[in-house]
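> First, the structure itself, so that you have it in front of you.
Each value in this text was obtained by applying a stated rule to the coordinates, not by laboratory testing. Since we're looking at a predicted model, the values are computed, not measured. With ideal geometry, Cβ positions are generated from the backbone for all residues, glycine too; neighbour counts draw on all protein chains shown.
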Amino acid sequence: MSVWWKDVVGYQIYPSTFNDYNKDGHGDIKGITKKLQYLKDLGIGLIWIGPIYKSPKVDNGYDISDFYSIDESYGNLDDVKIMLKKAKELNIKVIFDLVLNHTSSKHEWFIDACNNIDSIYKDYYIFKDPVDNKPPNNWKGFFQESVWTYVEKINKYYLHIFSKEMPDLNWDNKNLRKEMYKVARFWLDLGVDGFRLDAIAHLSKDKTFKDSKLYKDDLVYDTSKFSNRKEIFKYLKEFKKEVLDHYDCVTIGEVGGCATTDEALKYSSYEDGYFNMVFNFDTCWENGAYGSIDKNDDEIKTNVLNMKKLFEKWYENINGKAWMPIYWLNHDHPRVVSQYGNIEYRNKSAKMLGLTLLFMYGTPFIYQGEEIGMSNVNHDSLDKFTDVNAKNIIKEFEDNYNDYEILRFLNRTSRDNARTLMQWSSKQVNYGKIYLNENYKVVNVEDNLIDEDSILNYYKKIISLRNNEFHNEAVYGKFKLVYRNNKDVFAYKKTSDKTIVVISNFRDYIVTFKDYVSDNKIILHNYNDVMISNNKLVLRPFESYLILIK
Ligand code: GLC
């Protein structure tokens, strides 16, 4: 079945850092509109724009205080309409981030619920009485804290699986559900082409609220208490019937690190799923980038074998039954060129990563700046980190680790890495406080555009091959790992009318591989010459080929 969202290459825009049109130091909608042509030239057919609704921005917009208005730092509704119109003209689809799991603590429903014991909105959230003057249970949330915060005025705790400024909504409440359907309809009626559904795996909680006994700790991180619970599917069925079935839209659920492939199918199978696809995190978490604080950076080496097997597992369990988005990173992960590539080989490794991903399977998403090889921050002090989760990590570790260790950990893993300003030009002026990576003088779009050998121009070639000459192979071809037990090289075949092979060396040293090159046609290669020795293909650091099998 050919549908537009399978055929396109997606691009994620993190609005606060993408493009600052009004020069106030913060990205805006007009800035996005201005860069649509840039995205068109790159070959992009779908953009996912992070939340731009009214928000106190404790979690950069995922804490929404009014679902119907645009935060003034981004512009206004008219700006959105103009952006959507321009995107339509360019044939770029636009999806918004829809946050159904929580609101901001500054949302009027929550304010009323906390101030008025008879509030009609109390049941929109999850309030519980204290137990022995303590929180109702020992659950720990995603941002390192207890999921409970006390409200003195009504002598109750409320539940929040993210930060305390993001109270969870109670999806058992029918009125609340209706409100959230109205929100979705509002944006679809305005002309957005669909949604990325934030934190969707968490809509339902274990309503027994019993302590988790997994580990004997004060707080227990047991996401099964609030992830992928069966009631979710009841809600999603209703959501689909009430909203999604009435629109020609695409939906991509974020089911994160806690969903198995079977669970992913429940959300998104062709047969009886609710969304068109779901994002999982497996392949972003490979190589311990989210691993231990105890590790030195140089102890972290990509486990290519495991990574390949993860991509293979998702393909084998999902292919034919559902469709998948595929990506290296989003705004919650470190930069991929720092994580799986190597900034000393920025040009080669970024190109290698682009090719490896974009011919694999599914609908690929590029995260802003990936196409020019933007890399992690290199902060010299802990106060430079701005992400709410990074700040909580600092608090969590400060008693047992020194600043250097925490700094090393956050520079490697924190969400701040993906949230620096997009690097447009070597002359870029930073009008505000959002961090601009100091390498912008050499890593930027303007210079990439004029350098034939740049990462950006290579991405354009990859995307153009995917969109045109090798569309069937890249998008619909059968995926099969080649020499799957090789621990350094990620190589695979894609077969449709033609057979192509991608061969990528993930190492910063030379490795040898079967010679696919001599008898076949090289379509794309990130080195200028071919090295063959004793009938073996010699792959230099991060060398990567796209080959057409004759
Ligand atoms: C999702 C978002 C993340 C946000 C969280 C809470 O995981 O990707 O950035 O912090 O949901 O909304």
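> Report the Cα centroid-to-centroid distance between the stretch 147-226 and the stretch 369-383 in angstrom, as an integer.
The two parts, judged by their Cα centres, are 31 Å apart.
> If you put +1 on each Lys and Arg Cβ and -1 on each Asp and Glu Cβ, how big is the dipole of the stretch 117-191 around its Cα centre, in Debye rounded to 20?
160 debye
> Can you work out the FRET efficiency for the pair LEU481 and TRP4, with r the C-beta to C-beta distance and R0 = 25 Å, to the nearest 0.05?
Taking R0 as 25 Å, the efficiency between LEU481 and TRP4 is 0.30.
> Suppose every K and R has +1 on its Cβ and every D and E has -1 on its Cβ; what is the size of the dipole of the stretch 226-324 about the Cα centre, in Debye to the nearest 20?
280 debye
> With 26 Å as the limit, write out which pairs from LYS86/LYS240; LYS23/LYS164; LYS106/LYS230; LYS140/LYS391; LYS85/LYS266; LYS93/LYS205 have Cα-Cα distances beyond it, or answer none.
Working: LYS86/LYS240 28 Å; LYS23/LYS164 32 Å; LYS106/LYS230 30 Å; LYS140/LYS391 16 Å; LYS85/LYS266 35 Å; LYS93/LYS205 34 Å.
Listed pairs above 26 Å: LYS86/LYS240; LYS23/LYS164; LYS106/LYS230; LYS85/LYS266; LYS93/LYS205.
> I've got another one for you. Within a 10 angstrom radius of the beta carbon, how do ASP112, ASP294 rank from fewest other beta carbons to most?
Ordered by Cβ neighbours within 10 Å, fewest first: ASP294, ASP112.
> Next question. Which net charge results for the neighbourhood of VAL530, defined as the other residues with beta-carbon distances under 11 angstrom from its beta-carbon, given Lys and Arg at +1 and Asp and Glu at -1?
Result for the local shell: -2.
> With no solvent and one point on each alpha carbon, what is the Debye value of log10 I(q)/I(0) for the stretch 477-549 at q = 0.17, 0.24 Å⁻¹?
-0.57, -1.14
> Considering the options LEU539, SER375, PHE110, tell which one lies farthest towards the positive end of the dipole of the chain, charges being +1 on Lys and Arg and -1 on Asp and Glu at the Cβ, about the Cα centre.
Going by the Cα projections, it comes out as LEU539.
> Per-residue counts of other Cβ atoms within 10 Å, averaged by peptide: what ranking do you get for 182-193, 411-422, highest first?
Descending mean neighbour count gives 411-422, 182-193.
> Specify whether the C-alpha gyration tensor of the stretch 89-157 places it in the rounded, prolate or oblate class, a ≥ b ≥ c being the square roots of the eigenvalues: rounded for a/c under 1.5, otherwise prolate if a/b is larger than b/c and oblate if not.
Numbers: a/c = 3.98, a/b = 1.83, b/c = 2.17.
In terms of gyration-tensor shape, oblate.
> Here's something else I'd like to know. What whole number of Å gives the distance from the Cα centroid of the stretch 472-550 to the Cα centroid of the stretch 1-38?
Each part reduced to its Cα centre gives a spacing of 32 Å.
> For labels at HIS471 and LYS174 in the simple 7 Å Cα→Cβ model, what's the distance in nm?
Roughly 4.7 nm, to one decimal.
> Just report the Cα centroid separation between the stretch 309-345 and the stretch 416-470, whole Å.
20 Å
> How much length would be gained if the chain were fully extended between LYS313 and ASN378, taking 0.36 nm per residue of separation minus their Cα-Cα distance, in nm to one decimal?
Numbers: separation 65, 0.36 × 65 = 23.40 nm, distance 3.43 nm.
Here the answer is 20.0 nm.
> Out of the stretch 18-125, which trypsin sites (Lys or Arg not before Pro) are coil in DSSP terms and have no more than 12 other C-beta atoms within 10 Å? Kindly include the intermediate steps, with their values, before the conclusion.
Values: sites: LYS23, LYS30, LYS34, LYS35, LYS40, LYS54, LYS57, LYS81, LYS85, LYS86, LYS88, LYS93, LYS106, LYS122; in loops: LYS23, LYS35, LYS57, LYS106.
The qualifying sites are LYS23.
> Looking at the chain, I'd like the Rg to Rh ratio, where Rg is from alpha-carbon atoms and Rh is Kirkwood's inverse mean 1/r.
0.96
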